[in-house]
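Before any comments, here is the structure.
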Amino acid sequence: MDFQPHHMLGNFNLLDDEDENFDYQLLHHNGEQWLTFRLGKETYGLDILQVRELISYPDSITRVPRMPSFLLGMINLRGMVLPIMDLRKRFEMSDFETGPFTVIIIVQIKSKVIGVVVDSVVDVVNLQNDNLLEAPDESTDLDAKFVKGLANLRGEMVILLDLEQLLAPEELEQLNMLR
Amino acid sequence: MNFEALPADEFLEEAQELLQEIEESLLLLEEDPVDQNVIQRLFRSAHTLKGGAAMVGLSDLANYAHEFEAILSQLRSGTLTSTPEIVSVLLKGKDNLSALLNPIVGNSTSSSTHSTNENQSTDQLTDIPSQQEFQKSDSKQDSPRIQKDVYLLHLHFDQNFLEQGQEPLLLFRQLEEFGETTVIVHTSLIPPWTEFDPQKLYLWWSIKLVTEKEAEEIDELLEFYRGKESELLIEKVETPAEEEKEVQEAHQNMLQQISAGESVDPLTFAESTKTEDEGPQEAVEIPKVSQTIRVPVSRLDRLQNLVSETVIRQARLLSLNEAIQATDDQLGEQFLQFVEDNEQAVRELQDQIQQVRMVPVGTIFSPMKRVVREFATRHQKQIKLEIYGAETELDKTITEQIQGPLMHLLRNAMDHGLEAPEQRREIGKNPIGTITLQASHQAGFVVVEVKDDGRGLDPDKILAAGRRLGIVAEDHHPSEQEVLQLIFQPGFTTTREVTDVSGRGVGMDAVKKDIEALLGNIEISSQLGHGTTMKLKLPLSLAIIEGMLVRVGIETFVLPLLLVTETLRPLPKQLKRFKNRGELIDIRGQYLPLVRLHQHLNIENAIEQPEEGLIIVVQQGSQNYCLLVDNIEDQLPVVIKSLEEHFVHIPGIAGATILGDGSVCFILDVAAILN
């Protein structure tokens, strides 16, 4: 059960030459790179430094007994056993389906590795620091503590997730209790 | 405490390699006596050896290597041509170098006994340069000998010696130029650290000097180092060459004495040992070059990981075989043959790497002797520690991780288990309490026991304490074994009311947790008035364990085989139901609690009737339980993958493994499920 890098990866427009607003300088000097992806109707962003790789949805995920439903289970990624969390279930989205575009983003925070399921991956973008907005409390359906900020990307709002908060042990522990 | 006992391990390793090289080069030299490359190589090896020896303070070895090097230098310059005779003398010289190294490498007997030998051989070596005299060099008596005297110097320098810019090492070097020295450091004057002043010199030295020089010359040298409060003494030891050995012996005894913490007048010792002379010393046997290599544990870990991967792939091959056989019978047959051969090799590989990681459990037993001794003196108890099976081998990591828990159990046994001597005498026991540490191999795992012959655990008192603490309900009447298990409850004896109970259990929950984290088991048995036994059952390795693959509903899990005592399909009549105690299964008259795994793991569509599924009897603590599963799929070695580092701690799951088809399978944490 080996996973190929996601087939969509080759199609990413990492450097959008057509975009006259694009500032190459930013790529390496200012701002940060974010991986954007879709969950339901909204676009979210993850700090690219936390992203390890993308894999397609595996054939089998071993269910973990007595875990909340958003923890789908564990997979074997080249000999490493990783938990998989479905962000759509985590954020209690109602209707979604797992199709050919469903992707697992393998993220790494310090030495911890986890896969998160999202509807589809969109792009890798540069955001200047002054593009970032403070997240108003009521702006999204999400708990404000999971949102690092908002960004305006060519007229579209991107919700930048604070992965560390989302995967904080206290957070997961609390969910264990709720089960 | 002497210089000779301090060589760095790196040097010892290097020295053995160098000596090996020297020997090989010498043999090459015999074949081609004028090969400059070989001579150069020899010279370099000898030179490196000399430098290294001097650096770690092995002056005997350094001096000898120096002589050795001098001859090689003559070979190099051509003033001496190598003949078979020269080569054999050099080979002998190399053996002597090994002999000088061996007491340090092997059993650390003091090297002073060897210095007599070494004197001979040095003489032999220095004789070589003149080829005419070379013929005589075989017999030591024939070689001319200059009269040498032996002096004992006792050097107490002024405490402010260092502040005055003086340096004892300078003196030692100068003395070395006079002749052969053996230096002993005395640490008896070092004050407690509270009064320790790093600027001051607290050490003093005794030096044995074998030299041709007169006492006056030595005294002149010492003059430079005298200070206000210094006390520098020179004693001439009247020893003709034949009696030198006695001094050596006295010296050696003194060394032992000093390392035991006392300082002794060397001369009185020489007197006292004179009578015990045991005749001529036999030639030192030269042990073979050590056949071991040192490898960092991290490298072994990596190797272990690779082997683990191979074990997983082997399982993969097995499952692939089924698919192949389904399509092509003949090919499948051939493939199966291959897979089975490979299986053997992989098993062997796994066993071997496991072997390499094994250390005798005695390595953690030995420090306990000291702990027991100290405890006994401090608490006026008389304790005898008996150790059995110290040679039993266990994975290095496991050995390290059980050290803490074992120490805890030992302290408990000493503190709470054993009674005071008077009390023991009153009740007719031997006033000396015995604690037994015992390790042994049992099928696929290791058992370590800590046993005392003390007062034992009192179930009534424990139960009373349990009720008082609210752990045990008033109307519940647990079995004796259940009562004993109470001591593993967190906080069981942390309250004051419980101190009148036998007290055992301080931190016992931690001990239990540590053992269970290793996928092991801890069992108590106790007889009131006769003692307590704690029995630890541990897997041989942390990386790969023997597992039983069981199916529950559509899911499979691994049970550590170490915990499984038997498996059976019960008859309906074996199933009993008791009020308050739930379902029990009657196994040969023993009623064991039935645990439906599917209920605990929340799995649907699993077999619910014990007589339709299978019962796996597992041991948890001292109690056996019946786990209900649908079926047993396989029994296999499983590679443990830790889950802890990846965000989720899952109660009831000890870890995961990867099966032959690449899927993830969980290893059940039996202890957590049953609690």
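May I ask you to derive the FRET efficiency for B:F578 and B:K513 from their Cβ-Cβ distance with R0 = 30 Å, giving the value to the nearest 0.05? The computed FRET efficiency comes out at 0.50. In the assembled protein chains, B:D341 presents an accessible area of approximately 80 Å² (probe radius 1.4 Å). Per-residue surface analysis assigns B:K451 an accessible area of about 80 Å², computed on protein heavy atoms at 1.4 Å probe radius. Among rounded, prolate and oblate, which fits region B:396-437 when a ≥ b ≥ c are the square roots of the eigenvalues of its C-alpha gyration tensor, a/c under 1.5 means rounded, and a/b larger than b/c means prolate? Taking the square roots of the gyration eigenvalues as a ≥ b ≥ c, region B:396-437 is prolate. Cα centroid separation, region A:88-116 to region B:512-582: 37 Å.
Taking every protein chain into account, the 1.4 Å probe leaves A:S56 with about 40 Å² of accessible area, to the nearest ten. Per-residue mean of foreign Cβ neighbours for B:547-559 is 1 (Cβ atoms of other chains, 10 Å radius). Take the Cα of A:R52, step 7 Å toward its Cβ, do the same at B:E163, and the gap between the two points is 6.0 nm.
Could you grab the Rg to Rh ratio for region B:459-601? Cα atoms only, Kirkwood for Rh.
Across region B:459-601, the Cα-based Rg/Rh ratio is 1.00.
Loop-located GluC sites (Glu not before Pro) in region B:558-664 (DSSP state other than H, G, I, E, B) with a sparse environment of at most 16 neighbouring Cβ atoms within 10 Å: B:E604, B:E608, B:E611, B:E612, B:E644, B:E645.
Paramagnetic label reach from B:D475 (point 7 Å along Cα→Cβ; backbone nitrogen cut-off under 18 Å): within region B:566-594, residues B:578-583. Translational diffusion coefficient of region B:360-539 (Stokes-Einstein, Kirkwood radius from Cα pairs, 4 °C, 1.567 mPa s): 77 µm²/s.
Using Cα pairs under 8 angstrom and six or more residues apart, how large is the relative contact order of region B:518-675, in percent? If you can, show how the numbers build up before the last one.
Values: 319 pairs, mean separation 39.5, N = 158.
Worked out over region B:518-675, it gives 25 percent.
Taking all Cα-Cα distances within region B:544-674, those exceeding 21 Å account for 39%.
Determine the shielding of peptide A:77-83 by partner chains: average, over its residues, the number of Cβ atoms on other chains within 10 angstrom of each Cβ.
Numbers: counts 1, 1, 9, 4, 12, 7, 7.
Mean shielding count: 6.
Between B:N430 and A:K110, the FRET efficiency from the beta-carbon distance, with R0 = 41 Å, is close to 0.15.
Need the full-extension length gain, B:Q20 to B:A672, defined as separation in residues times 0.36 nm minus the C-alpha distance. One decimal, nm. Please list the in-between numbers first.
On the way: separation 652, 0.36 × 652 = 234.72 nm, distance 5.54 nm.
Gain on stretching B:Q20 to B:A672: 229.2 nm.
Ranked by solvent-accessible area (1.4 Å probe, protein heavy atoms only, all chains present), the residues B:L519, B:L203, B:L303 order from largest to smallest as B:L303, B:L203, B:L519. Taking chymotrypsin sites (Phe, Trp or Tyr not before Pro) across region B:160-244, the ones in a DSSP loop with at most 16 further Cβ atoms lying within 10 angstrom of their Cβ are B:F196, B:Y202, B:F224. Taken along the Cα-to-beta-carbon direction at a fixed 7 Å, the label points for A:K145 and B:R294 span 5.0 nm. Reported value for region B:297-356: 52 Å³ per residue, from the convex hull of its C-alpha atoms.
The values are calculated or read from the model by the stated rules, or taken from the named source; none is laboratory data. Note that the structure is a prediction, hence the values are computed from the model and not measured. Glycine gets a Cβ as well: all are built from the backbone with ideal geometry, and neighbour counts include every protein chain shown. These accessible areas exclude ligands, DNA and RNA; they are computed on the full protein's heavy atoms, side chains included. Shrake-Rupley method; radii C 1.70, N 1.55, O 1.52, S 1.80 Å.
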